[in-house]
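Structure first, then comments.
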Amino acid sequence: MTPPRVSDHAMLRVLERVCGLPVEDLREAIGQSIARATAAAEATGGGVYLVVQDRHAFVVRHGTVTTVLSDPDQRERWIALFDDAKDGRR
């Protein structure tokens, strides 16, 4: 028998309710840690951009962090996509 797939939402709730992880506190901490860079990006037009901090890159889309990249190769690919989009080479 194949076990059921576990959704991201269910996983988040297990971490929060079963494991006691303070999810909302972590959400706030992430937002605060990139707030200054986000404000600067939004002041120049916002949209979709990366905030690189230490070894991680936060992908921000229209004011919402949508994913975090830790693999340097992934970051380089995203940066190349942004550069291509700026130059009109989508």
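The values are calculated or read from the model by the stated rules, or taken from the named source; none is laboratory data. Keep in mind the model is a prediction, meaning the values are calculated, not measured. Using ideal geometry, Cβ is built from the backbone for each residue, glycine included, and neighbour counts are taken over all protein chains shown.
Here are ALA10, ALA43: which of them is surrounded by 10 or more Cβ atoms within 10 Å (Cβ to Cβ) and either closer than 15 Å to ILE79 by Cα or free of Cβ contacts under 8 Å to residues at least 40 places away in the same chain (or both)? Spell out the reasoning first.
On the way: ALA43 fails: surrounded by 10 or more Cβ atoms within 10 Å (Cβ to Cβ).
None of the others qualify; the one that does is ALA10.
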### Message
One residue is enough: does region 37-57 have a residue meeting the conditions touching a His at 6+ places or on another chain (Cβ under 8 Å) and modelled with pLDDT of 90 or more?
### Response
no
### Query
Looking at THR44, THR64, which is the one that is out of contact with any Cys (no Cβ under 6 Å at 6 or more places or on another chain), among the β-branched types (Val, Ile, Thr) and closer than 29 Å to ALA10 by Cα?
THR64
### Query
Does any residue in region 14-36 that is surrounded by 10 or more Cβ atoms within 10 Å (Cβ to Cβ) come within less than 6 Å, Cβ to Cβ, of a residue that is assigned to a loop (DSSP other than H, G, I, E, B) six or more places away or on a different chain, and which pairs are these?
LEU15/LEU21
### Summary
Exactly one of LEU50, LEU21 is of a type in the set (A, V, I, L, M), assigned to a loop (DSSP other than H, G, I, E, B) and either in contact with a helix residue (DSSP H, G or I) (Cβ under 7 Å, 6 or more places away or on another chain) or under 20 Å from ILE79 (Cβ atoms) (or both), and that one is LEU21
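Restricting to region 1-48, give me the number of residues that are closer than 20 Å to GLY63 by Cβ and over 16 Å from the mean Cα position of the chain (by Cα).
From region 1-48, those closer than 20 Å to GLY63 by Cβ are 23-24, 26-48; that's our starting set.
Now drop any that are not over 16 Å from the mean Cα position of the chain (by Cα), which leaves 40, 43-45.
So the answer is 4.
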